[in-house]
Amino acid sequence: MILTVFAGLLLFQSMEDFKTKGILSSLYFPFIWFFLIYSWFKAHIKVYRVEFDDEYLYIIRRKGDVLIPLENVKDIEMRTLGGMWRVDLYYADIVGDHFYFKPSLLYPFNYKSKDHLVNLLWKKIEMAKSKKQQISPNALHS
């Protein structure tokens, strides 16, 4: 809704500029805005909402949640100063071999609590990797 109103205003502004200034200067302003919006969408296409517990990392999506075992997480690193984190996986999953999450939209202002949350996730990942997997005695060994 907001984007359609913004696009309408941008189109109206372009038409008014075209009437007064000509075609070249009327296309400059919308081109810059469309490029910025496209870049933002491309950067946020694989950004998901994430929750976790002692065993799994839950990726919350509209179509359905994805469970990723914490043992599959290879690395977590901050990619932008705005608080976007990249999670690399050992084995590709439904979301691919990596995905992004952002703990908060207000990250620069509440970074202490959100960094603490990411550190807690790291601790849970290390605990999950250090646990020895118990193989059932009835399991078929190859």
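Values in this text are rule-based calculations from the coordinates and carry no lab data. These figures come from a predicted structure and were not determined experimentally. Cβ coordinates were reconstructed from backbone atoms using ideal geometry, including for glycine residues, and neighbour counts include every protein chain displayed.
Quick notes on this structure:
- When each of Lys46/Lys124; Lys42/Lys129; Lys74/Lys102; Lys74/Lys112; Lys42/Lys74 is checked by Cα-Cα distance, pairs over 27 Å: Lys42/Lys129
- Spin-label pair Glu51-Asp115: with each label point 7 Å from Cα along the Cα-Cβ axis, the two points sit 2.6 nm from one another.
- Using a simple spin-label model with pseudo-atoms 7 Å out from Cα toward Cβ, Leu67 and Met127 lie 1.8 nm apart.
- Amide H within-cut-off set for Tyr56, under 5 Å, with H built and near neighbours excluded: Leu70
- Summing +1 for each Lys or Arg and -1 for each Asp or Glu among the other residues whose beta-carbon sits under 14 angstrom from that of Leu81 gives +2.
- Between the amide H of Met84 and those of Arg79, distances stay under 5 Å, these residues lying 5 or more places away or on another chain, with hydrogens modeled in the peptide plane.
- Rounded to whole Hz, the Karplus (6.51, -1.76, 1.60) HN-Hα couplings of segment 37-49, x for glycine and proline: 5, 4, 4, 5, 5, 5, 6, 9, 5, 10, 9, 10, 8
- Segment 97-103 - phi-based ³J(HN,Hα) in whole Hz, Karplus 6.51/-1.76/1.60, Gly and Pro as x: 8, 7, 8, 10, 9, 10, x
- Anisotropy class of the chain from Cα gyration tensor, a/c 1.5 cut: prolate
- Antiparallel beta bridges, as assigned by DSSP with both residues in the chain, represent about 90 percent of the total such bridges.
- When only Cα pairs below 8 angstrom with a gap of at least 6 residues are kept, the chain shows a relative contact order of 16 percent.
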